[in-house]
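First comes the structure, then the notes that go with it.
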Amino acid sequence: MIPDELKPRDGRFGSGPSKVRADQVEHLAALNPGVLGTSHRQAPVLGLVQRVQESIAELFELPEGYEVVLGLGGSSTFWDVAVCSLIERRSQHAVFGEFGGKFAAAAARAPFLRDPSVREAAPGASAALQAEDGVDVFATPQNETSTGVAVPIERIPGGLTIIDATSAAGGMPIDLTQVDAYYFAPQKSFASDGGLWIALLSPAAIERAGRLASGDRWIPDSLNLQLAIDNSRKHQTINTPAIATLGLLEAQLEWMHASGGLAGCAARSADSSSRLYGWAERSAYARPFVSEPADRSPVVGTIDFDDTVDAAWLAKSLRANGIVDTEPYRKLGRNQLRIGMYPAVDPEDVTALTRCIDHLLS
Ligand SMILES: *Cc1c(COP(=O)(O)O)cnc(C)c1O
């Protein structure tokens, strides 16, 4: 057992779902009975949706003409939305892990699209998008949650630039003028629960969604981005939203604004991750999995251990002490721990985690 004085105050280090702060749950309790359990077509829930949309717009300094659109199903559903409602003929995908790969696979299966162009890198390295004739959507994760690799975001000329920001949004800086769709789900950097996708859309993306929806492609309503845009303008979703998820999200957005906005939150994650990577670099038995320092994620840290350490035993022993979800991404198959360091995580708790690992291995 690890002595209590070494332990972090909060032992949740998951990469998603991730730590939910106690205030958020109190905020949720205060929404009962006024909002929870009431109609999603009436003022209390519409007001909650509108406040969340406005709070997100402020956090990201939403450029003129961009819109905050939301729907049901999480980021995985947004891949299908993008396949149906944003890709016209051919997409290009940067693939450097599971999540980027899943979006590329979804595009490859669509019978109405040409095979996508895929720029792939081995796990632990990064791949970059590149201008290419005949491509109308360029897609990359900003942070690849499966490997802990993050990349800089820049607009690629010739198509829409669409970013999977599921784990990056809120914990990393972004200039939205470089992006046409910046989409995420609330269970990572926003410390909420799953079930929703949120997309920040540029005028060009909105135009594309409208054009494809009025063309002859069959698009199921649940994947029709134009329908989601129409509903979002009225602070609604196509069907019933996850109201409790929105409540937890609203509370976290308030906390993020009070914590210095996006810059303040990104600095907190950067502080946490520099503690983790610094410890690993000094350690005799651990090292950052991502060998190129510039590629290392500030929000999801992956740490490899040498053969003298059984990382699966380590994760299990941490779990037995209430320190949970440090297991690596299951399909990566490495002797590794993966640590979520979203803004809600206290940097001091990351330092405490490293102390606990050293204690277990001493
Ligand atoms: C978690 C994650 C997803 C999947 O999100 P869901 O809301 O579970 O569908 C997609 N992309 C990235 C980068 C993620 O981290």
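The values are calculated or read from the model by the stated rules, or taken from the named source; none is laboratory data. Not measured: the values here are computed from a predicted model. FYI the Cβ positions are ideal-geometry reconstructions off the backbone, even for glycines, and counts take in every protein chain you see.
See the values below:
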item: Some residue of the stretch 199-213 being assigned to a loop (DSSP other than H, G, I, E, B), of a type in the set (S, T, Y) and closer than 21 Å to E58 by Cα; result: yes
item: Qualifying positions in the stretch 95-140 - within 14 Å of the ligand (Cβ to nearest atom), touching a Phe, Trp or Tyr at 6+ places or on another chain (Cβ under 7 Å) and more than 21 Å from D304 (Cβ to Cβ); result: K102, F103, A106, A139
item: Conditions (1) among the β-branched types (V, I, T); (2) surrounded by fewer than 18 Cβ atoms within 10 Å (Cβ to Cβ); (3) in contact with a strand residue (DSSP E or B) (Cβ under 9 Å, 6 or more places away or on another chain); number of the one not met by T38; result: (3)
item: The stretch 215-254 - residue that is β-branched (V, I, T) and more than 19 Å from the chain's Cα centre (by Cα) and, of those, surrounded by the most Cβ atoms within 10 Å (Cβ to Cβ); result: T237
item: G264 vs. criteria farther than 19 Å from I174 by Cα and in a helix (DSSP H, G or I); result: no
item: Within the stretch 160-188, tally of residues that are within 11 Å of the ligand (Cβ to nearest atom), assigned to a loop (DSSP other than H, G, I, E, B) and not polar (S, T, N, Q); result: 5
item: Matching residues in the stretch 141-159 - criterion: being β-branched (V, I, T) and within 16 Å of the ligand (Cβ to nearest atom); result: T145, T147, V149, V151, I153
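Okay, residues lined up against (1) out of contact with any strand residue (DSSP E or B) (no Cβ under 9 Å at 6 or more places or on another chain); (2) at pLDDT 95 or above; (3) hydroxyl-bearing (S, T, Y); (4) more than 17 Å from F60 (Cβ to Cβ):
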residue	(1), (2), (3), (4)
W79	no, yes, no, yes
S85	yes, yes, yes, yes
F96	no, yes, no, yes
F112	yes, yes, no, yes
Q130	no, yes, no, yes
G134	no, yes, no, yes
T145	no, yes, yes, yes
